[in-house]
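Accompanying notes for the structure given below.
Coordinate-derived values only; no laboratory data. The structure displayed is predicted, hence computed values, not measured ones. Reconstructed Cβ throughout: ideal geometry from the backbone, glycine too, with neighbour counts over all protein chains shown.
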Amino acid sequence: MLNKPDDFIAPICHAQVEILYQDDAILVINKPSGLLSLSGKNPLNQDSVHFRLVQDFPNALMVHRLDFGTSGLMLVALSKPIVKHLNTQFSNRTVKKVYQAVLDGVLKNDNGLIDCAIAKGEFPLQKICENTGKVAQSEYVVLKRLCDRTHVQFTPLTGRTHQLRIHSAAIGHPMIGCDLYGTQASLAKSTRLMLHASELAFDHPLSGERMHFSHPSLF
């Protein structure tokens, strides 16, 4: 049974937030799996990426989030004008994000496009619904096949909540370790969600220079 929002208590995360790039305007960090992006309403869920960063960067503002179980690259603004500039880039879809994931089972095709509209379901779930959902598209490329799983690279063309997780389940290959859209079998194969934000590209808010960061997954 799924936890209600106020029932979830995040376990202690001992892994550190790794700062990969820093200047006067932005940070690019590597988020560990098992850490909230923002502190929750429950005081027991205070620990988060944002909570840790503001200890050293009091003006740090989150531009986007990664799910609790997702690891990988995140972009952080260091002032309100910078976060506004970066939010515009996200809204205009000029920010490129690439993910690596491990799916349950063996995918037959080497690449493909998953085109399934996503609508809000019963919290915290989303659902596939072509009638009421918003357009959601994810490209994938197979990186490696093993006997019971497939390592893929995802490039989301849209940015719906849980998009990659629900799209994986929609094609019959749920993400290993996914507690929301997986099966008992796929959930049992890993103690963490096998999803990692591996690439991030955007225009620097001050110089306009196109910046590209890559941080491969450990799985």
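Just rank 171, 118, fewest to most, by other beta-carbon atoms within 10 angstrom.
171, 118
Run lengths n ≥ 4 of DSSP H only: what is the helix-derived mean residue ellipticity at 222 nm for the chain, with -39500 (n - 2.57) per run over all residues, to the nearest 500?
That comes out to -4000 deg cm²/dmol.
Scaled to the compact-protein estimate 2.2 N^0.38 Å, what is the alpha-carbon radius of gyration of the range 54-169, rounded to two decimal places?
1.22
How charged is the neighbourhood of residue 160? Take every other residue with its Cβ under 15 Å from the Cβ of residue 160, and add Lys/Arg as +1 and Asp/Glu as -1.
That sum, taken over residues with Cβ under 15 Å, equals +3.
Give me 65, 93 ranked fewest to most by other Cβ atoms within 10 Å of their Cβ, as a rough exposure proxy.
Least crowded to most crowded, the residues run 93, 65.
On a 0 to 90 degree scale, rounded to 10, what angle separates helix 80-91 from the longest Cα axis of the chain?
30
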